[in-house]
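What follows is a single structure, written as structure tokens, with notes after it.
What follows is calculated from the coordinates using simple rules that are stated; it is not laboratory data. Here the structure is a predicted model, which means the values were calculated and not measured. Here the Cβ positions follow ideal geometry from the backbone for every residue, glycine too, while neighbour counts run over all protein chains shown.
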Amino acid sequence: MNDEQAPQAQEEVDILFFDIGHSLYGTDASQVLRIDRSLPEDITLSELGLPHRGHRALVFDTPEGEGHLKVDAVHAVRAIPLSSLRRMPPTAGAAPYAVGVCLEEARAVLLIDLVETARTQGNQGRH
Amino acid sequence: MAPDRAVAAQARPEQEFFCFRVGDLRLGVPSENVLEVLRAGLLTPLPRTPSFIMGVTGHRGEVLPVVDLLRFLSKGEARIGPRTRLFVGISGSYVAGIVADTVLGLRRIPVSEILPPPLGGDASAEHLLGVVQGPGAQDSINLINFSKLLQTARQRAVAR
């Protein structure tokens, strides 16, 4: 089998899946610096649902310093084919941090831009 | 001898509508705006969208925004149950899933029987093509100008 016949490697992106309240979300794992214990001043956006306990925080970089988004659970980082990712439909007019959707069989998981959550809150949590 | 059907159709032109019920409303959408009907599956709510956008769902590898017409027309609020259906509506490049409690089916309606939308009606009347009266007041069907409705929905969504 020569190179021309080799199956083309499917482009993938690492998505980190996490829960806030009852909702499952995903984010580009490369945005996440680490997972930390949360503090009361960390970012919560009521539009994403209120955390049940919110004992963990996703830590990410912003131009103003680190941002911390409070979450309930972090599930896994999985390599997702680019073909399973979709941009948000223009008819939806969703929040700027809702950048797209990951199609998981029948389920559509909302993809979150962490830096935009910090901009939305106007508060980067701890620095 | 029965008149030729083509001649009869010319004499009494008809338009085909996809008819459905949602809440207390019986609505019809031109059949050319309807691609298919499916069960309402898992919906993913979207943050900061207008209330008439119930969320998105995955369908045939695409993301479909799901619209609650009751909220859009300020006539209440749709509920998703095990028997709820979505019909996939299209106008130009815009596609959306619309919630329907019950599908009434395709109906060919003589154009002459389509009455104009009520004058002085509420804001929802601007999205009507007309009304078809039934035997009872509850049997009338409001015919939706789906292209205009989807255009307005998009404008309201992106204007936020």
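When chain A is treated as a GNM with alpha-carbon contacts under 10 Å, the residue of A:R56, A:R86, A:R107 showing the greatest mean-square fluctuation is A:R107.
Classify chain A: rounded, prolate or oblate, from the alpha-carbon gyration tensor (a ≥ b ≥ c, eigenvalue square roots; a/c under 1.5 rounded; otherwise prolate if a/b is larger than b/c)? It comes out prolate by the Cα gyration axes. Taking Cα atoms, how many degrees apart are the long axis of helix B:146-158 and the longest axis of chain B, rounded to 10 and kept between 0 and 90? It works out to around 20 degrees. Evaluating 6.51 cos²θ - 1.76 cosθ + 1.60 at θ = phi - 60° for every residue in the stretch A:72-79, the Karplus couplings come out as 8, 8, 10, 8, 5, 9, 10, 7 Hz, glycine and proline recorded as x. The phi-based Karplus calculation (6.51 cos²θ - 1.76 cosθ + 1.60; θ = phi - 60°) puts the 3J(HN,Hα) values of the stretch A:105-110 at 6, 7, 9, 10, 9, 6 Hz, whole numbers, x for Gly and Pro. With the charge dipole of chain A set up from +1 on Lys and Arg Cβ and -1 on Asp and Glu Cβ about the Cα centre, the Cα lying farthest toward the positive end among the listed residues A:G21, A:I112, A:V59 is that of A:G21.
Rounded to the nearest 0.05, the FRET efficiency derived from the C-beta distance between B:R12 and B:V37 at R0 = 41 Å is 0.90. Report the residue, chosen from A:A73, A:A94, A:A106, that carries the largest GNM mean-square fluctuation when chain A is represented by alpha-carbon nodes joined by springs under 10 Å. Evaluated over chain A, the most mobile residue of the options is A:A106. Based on the alpha-carbon gyration tensor of the stretch B:89-160 and its eigenvalue square roots a ≥ b ≥ c, which shape applies: rounded if a/c is under 1.5, prolate if not and a/b is larger than b/c, or oblate? Prolate, because a/c is 1.5 or more and a/b exceeds b/c. Just check the protein assembly as shown against the gyration tensor rule for me: Cα atoms, a ≥ b ≥ c as the square roots of the eigenvalues, rounded for a/c under 1.5, and otherwise prolate or oblate depending on whether a/b exceeds b/c. It comes out prolate by the Cα gyration axes.
Its Kirkwood hydrodynamic radius, worked out from the mean inverse distance over all distinct Cα pairs, puts the stretch B:1-111 at 15.3 Å.
In this simple spin-label approximation, A:S83 and A:E116 carry label points 7 Å from Cα along the Cα→Cβ vector, and these lie 2.6 nm apart. Close amide H contacts of A:A94 (hydrogens built in the peptide plane, cut-off under 5 Å, sequence separation of 5 or more or a different chain): none are found. Only Lys, Arg, Asp and Glu carry charge here, each on its Cβ (+1 for the first two, -1 for the last two); on that basis the protein assembly as shown has a dipole of about 900 debye about its Cα centre.
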